[in-house]
1. Can you name the residue in the range 263-317 that is surrounded by 15 or more Cβ atoms within 10 Å (Cβ to Cβ), closer than 25 Å to Asp74 by Cβ and of a type in the set (Gly, Ala, Ser) and is also modelled with the lowest pLDDT among such residues?
2. For the condition crowded, with 22+ Cβ neighbours inside 10 Å and touching a residue at least 40 places away in the same chain (Cβ under 8 Å), what is the one hit in Met170, Met217?
3. Going by what's in this entry, would Gly46 be described as under 17 Å from the mean Cα position of the chain (by Cα) and surrounded by 21 or more Cβ atoms within 10 Å (Cβ to Cβ)?
4. Considering only the range 62-71, state which residues are free of Cβ contacts under 8 Å to residues at least 60 places away in the same chain and surrounded by fewer than 17 Cβ atoms within 10 Å (Cβ to Cβ).
5. Any residue at all in the range 240-257 that is at pLDDT 70 or above and open to solvent by 30 Å² or more (accessible area, probe 1.4 Å)?
6. Output the residue which, of all residues in the range 69-105 that are within 30 Å of Leu259 (Cβ to Cβ) and hydroxyl-bearing (Ser, Thr, Tyr), is nearest to the chain's Cα centre (by Cα).
7. Could you list all residues from the range 127-167 that are part of a loop (DSSP other than H, G, I, E, B), touching a residue at least 12 places away in the same chain (Cβ under 8 Å) and within 21 Å of Thr87 (Cβ to Cβ)?
8. Yes or no: Lys91 open to solvent by 30 Å² or more (accessible area, probe 1.4 Å) and either modelled with pLDDT of 95 or more or of a type in the set (Ser, Thr, Tyr) (or both)?
Amino acid sequence: MEREDQVSIIIDDGGEILDAGSETDSSSSSSSVPKPDCFDAFTRNGMMRIGEESKEHRVIKNQFLTGMNQLAKDTSVVTIHRNICSTMYMKARFEAFKSCVDAVRERRGDRNVKCGWYGASKQEILHIISFGFSRCNGQSHGVGVYLSTSKFILETFPSTIEDEKGLRHMLLCYVEMGKMELIRAGSKQIYPSSVEFDSGVDNLEYPSRLVVWSAYMNSFILPIYIVSFKAPSFSIGSLREQINEVRTGGEKLSIAVLLPILVKVFGPAKGDMISKSLDDHRKCKINRDQMIQSLKRIIGNDRMLISVIKASRGNLAVRAPNREGGSGGNN
């Protein structure tokens, strides 16, 4: 794997890695992009803005918006920057990642590189591209660096913070997962359970979280793109940290997906109460059943809660309830 290969590879609509070839356009002219000085910090640290008309931009933008699910229609991608490995540190990071991929191929018989999304503040993203990862951002499925898979980008949205220009930012990274093991909810694991494994996931068949242990975070993870975007601001409080999942009706549902819909349907006042209840559960102040009961009390309508859950699963629009407690609009 030469460095030239690394900067020309992009992902397809299924989240797989493919070669963009020479179609990449790094033109920086666009009326929708804020003044260039908004992104000077990125370009000074080895990132280059890619042109909006390029295939590279188109594929990544589509992948990002697809993963944003219910928020996609209210989200606009402002610009995308690519790591061109122009700084000494990024060159070293690439070599470390390349060595990691080669080692996994030799030990496991093949590489297992995935695409992972990491939401954070602009300051943290700048720190990562300048110096590397320095903290574990999740502990619900072991203690490590959590990245969301392409179909579950909304999981990492609460970790993003608006910058001085009202923009949010996410990193798209290549992640060498090696041989993955299942990490169950509530696990306090901090490293592989045996030499047979390299990393962890929350579900072996359909993972939403990629878990990289702290010892490997700067060799198994290579930042490739920064996606800068505008999206609605929701009252998510301390849920910017990795959010737990609840089990409702026997099916697993992501709170990161459900919370923005609840806020949109029931308003910011109840949204704050819902956020506090979810945060209490995350901090183990209440158990899962108590959290569900709390949601029912706040919403005041079991049927409405059920309809929101069903709509979020089916990617349907949910009308806000009227003052009498029913659903708005015509039946």
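1. Ser312
2. Values: Met217 fails: crowded, with 22+ Cβ neighbours inside 10 Å.
Criteria check complete, one pass: Met170.
3. Numbers: under 17 Å from the mean Cα position of the chain (by Cα): no; surrounded by 21 or more Cβ atoms within 10 Å (Cβ to Cβ): yes.
So Gly46 does not fit the description; no.
4. Within the range 62-71, the subset free of Cβ contacts under 8 Å to residues at least 60 places away in the same chain is 62, 65.
Answer for the range 62-71, where residues must be free of Cβ contacts under 8 Å to residues at least 60 places away in the same chain and surrounded by fewer than 17 Cβ atoms within 10 Å (Cβ to Cβ): just Asn62.
5. The initial filter retains those residues of the range 240-257 that are at pLDDT 70 or above, namely none.
Checked against the condition, which is being at pLDDT 70 or above and open to solvent by 30 Å² or more (accessible area, probe 1.4 Å), the range 240-257 yields no hits at all.
6. Here is the first cut: in the range 69-105, the residues within 30 Å of Leu259 (Cβ to Cβ) are 69-81.
Okay, now just the ones that are also hydroxyl-bearing (Ser, Thr, Tyr), so 75-76, 79.
Values: Thr75: 14, Ser76: 16, Thr79: 17 Å.
This residue is Thr75.
7. Within the range 127-167, Gly132, Phe133 qualify.
8. Values: open to solvent by 30 Å² or more (accessible area, probe 1.4 Å): yes; either modelled with pLDDT of 95 or more or of a type in the set (Ser, Thr, Tyr) (or both): no.
Here the answer is no, as Lys91 does not meet what is asked.
The values are calculated or read from the model by the stated rules, or taken from the named source; none is laboratory data. Quick caveat: nothing in here was measured; it's all calculated off a predicted structure. Glycine gets a Cβ as well: all are built from the backbone with ideal geometry, and neighbour counts include every protein chain shown. These area figures cover heavy atoms from the full protein model, side chains too; ligands, DNA and RNA do not enter into them. Shrake-Rupley method; radii C 1.70, N 1.55, O 1.52, S 1.80 Å.
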